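Working notes, beginning with the structure itself.
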Amino acid sequence: MERRLAAVLVADMTGYSRLMEQDEEDVLTRQKTHRRELIDPEIASRGGRIVKTTGDGMLAEFASAQAAVRCAIDIQTAMAERESLSPMDRRIIYRVGINLGDVIFDEGDVFGDGVNVASRLQGLSEPGGLCISDIVHQSVADRFREPFRDMGRQRVKNISRPIRVWQWTPNAPADVQDLAEAALHQSVQFAMAPDGVQIAWASVGEGPLVLKAPNWLNHIEYEWRSPVWGPAFAELARHCRLVRFDQRGNGLSDWEVDEISQDAMIGDMATVARAAGLDRFALLGISQGCAFSIRYAVENPERVSCLVLLGGFVRGRLKRPDPEQKKLCEALSLIIRDGWGSPNPVFRHFFTSNFIPDAPPEVASSFDELQRIATSPTNALRLWEMAIRLDVTELAKQVRVPTLVLHCKGDRVVPLEEGRYMARLIPGASFIELPGSNHSLLALAGTPAFDQFLEETTNFIATHDC
């Protein structure tokens, strides 16, 4: 055995099984041609060596990270051109991951943590693009004109620590900018829940204390840098101290967890509140986060100064009187189970187009990517099935803290009537109807609906701050 530092490149063909089912002879012929004319020569010209191949991919090692990244970008760029005449659903497209680390070479194969990380990075990559670890980015960032986008730290399977990831995709705009200045002021920390689950949380801003309850999917680092949530959270942080966290099963919190339930979510809210030193604070609930906020406020009235509930409900889809909801839930559960992990984004686009139908393309694309990287298909289904069974109808009647309910008129995910119903149940709650059809309103900072939400929310929180 030999141990040495190496840049490891892992490539995998997107949708290999589907392509082979369509026409295996054609796929194999084209793949061999690409290997012979492009891939193998390019790797060799950069001083790389193919260690092993699989039916749909390969693993190669390079002496330098710069050579590995240049090789990957050149191959991906050339592949896009070579496959451009094929129908989209028949194109051979690779995903690539690159890591720099200490690896073990033994009998012609390569092992070690450096290889495992590269493999997981490949799984995070957009088809046709590549993901690199932070150590690789530090080595090559000032040597490439191509832009790499910071995806924040990611949880990946069988790797205990979060890994910071950078992504390159073809045709990415050269002026891609993060919310860099604001991001520097967000510090991610971890708190341990009673059952041993690590919960990632972050705090930013000054002023009245606000704890955001968990909603559909979260990733506190990616959200902060993305055009979906970042601008909205930055605006809120100008008016308050905003504490957010990744619910168990997604983001930077532990993914491999025994329990995903309403009880667990309430416990995690309490864990983060203690870790952040919050004695009395406002609760911001969005979507199913409203149900969690209601229960927390009923069980801990002395700690909650007020509730702000946006686009929420007290009864999940399966708890509503509409008989069609059961059929719809079955269909959506099937989409998540069979399509979430697919490289074909059409499955996630279904959710994106309903959550933010008015979003411009770049925002919709970022929302789709957030769903892809925030959790595994298994956990996405577990979180979904928890949400559709939520029911805090009776608890809502017991709320004794000031409450502001806001809801977009044309919300396609949670009907306006559900928001009104929630406001009627909560004693003394105020209800505000916002313009637009967007469920994830905070994804559209700068719109009239968001501006109204921000004004009403910050004024309400300031009024009840103590």
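Once the C-beta distance of R389 and F190 is scaled by a Förster radius of 35 Å, the resulting FRET efficiency is 0.75 to the nearest 0.05. On full extension, the segment bounded by K397 and F105 gains 98.7 nm, given 0.36 nm per residue less the C-alpha separation.
Database remark: amide H of L209 closer than 5 angstrom to the amide H of R241, A282 (H placed geometrically; neighbours at sequence offset of 5 or more, or on other chains; Pro and chain starts carry no H). What shape does region 180-463 take by its C-alpha gyration tensor, where a ≥ b ≥ c are the square roots of the eigenvalues and a/c under 1.5 counts as rounded, a/b above b/c as prolate, and the rest as oblate? Rounded is the answer for region 180-463, as its axis ratio a/c remains below 1.5. Under the simplified labelling scheme, the K52-D263 pair shows an inter-label distance of 4.4 nm, with each label point 7 Å from Cα along Cα→Cβ. As a rough footprinting exposure proxy, the listed residues M1, M13 were ranked by other beta carbons within 10 Å of their own, and the order from fewest upward is M1, M13. To the nearest ten degrees, helix 113-124 and the longest principal axis of the Cα atoms of the chain are 70 degrees apart.
Sorted ascending by nearby beta carbons within 10 Å, beginning with the fewest, C131, C240, C329 become C329, C240, C131. Normalised by the number of residues in the chain, the average gap of Cα pairs under 8 Å and 6 or more apart makes the relative contact order 12 percent. Using the Cα gyration tensor of region 1-153, with a ≥ b ≥ c the square roots of its eigenvalues, what is the shape: rounded (a/c below 1.5), prolate (a/b larger than b/c) or oblate (neither)? Judged from the Cα gyration tensor, region 1-153 comes out prolate (a/c at least 1.5, a/b above b/c).
Within the shell defined by Cβ-Cβ distances under 13 Å, the residues around D23 carry a net charge of -1, with Lys and Arg each +1 and Asp and Glu each -1.
Against the chain, whose longest principal axis is taken from its Cα atoms, helix 289-299 shows a tilt of about 50°.
Electrostatic bookkeeping for S253 treats Lys and Arg as +1 and Asp and Glu as -1; over the other residues with beta carbon under 10 Å from its beta carbon, the sum is -1. Rounded to the nearest 5, the antiparallel percentage of DSSP beta bridges internal to the chain is 65%.
Axis angle, to the nearest 10 degrees, between helix 16-34 and the longest C-alpha principal axis of the chain: 40 degrees.
By definition, a body whose alpha carbon gyration tensor gives a ≥ b ≥ c is oblate when a/c is 1.5 or more and a/b is not larger than b/c, and region 406-466 fits this oblate description. Spin-label pair D134-S437: with each label point 7 Å from Cα along the Cα-Cβ axis, the two points sit 4.1 nm from one another.
With contributions of -39500 (n - 2.57) from each DSSP H run of at least four residues, the per-residue ellipticity at 222 nm computed over the chain stands at -12000 deg cm²/dmol. I'd like the FRET efficiency for S353 and N459, computed as 1/(1 + (r/R0)^6) with the beta carbon distance as r and R0 of 25 Å, rounded to 0.05. That pair, S353 with N459, gives E of 0.20.
Checking every one of the GluC sites (Glu not before Pro) in region 213-305 against DSSP loop status and a limit of 16 other Cβ atoms within 10 Å picks out E256, E259, E302.
Annotation: the residues Y16, Y94, sorted from fewest to most other C-beta atoms within 10 Å of their own C-beta, follow the order Y16, Y94.
Only the coordinates and a few stated rules stand behind these numbers; no lab work does. The model shown is predicted, which means the values in this text are computed figures rather than measured ones. For neighbour counting, all protein chains shown are included, and Cβ atoms are generated from backbone atoms with ideal geometry for every residue, glycine included.
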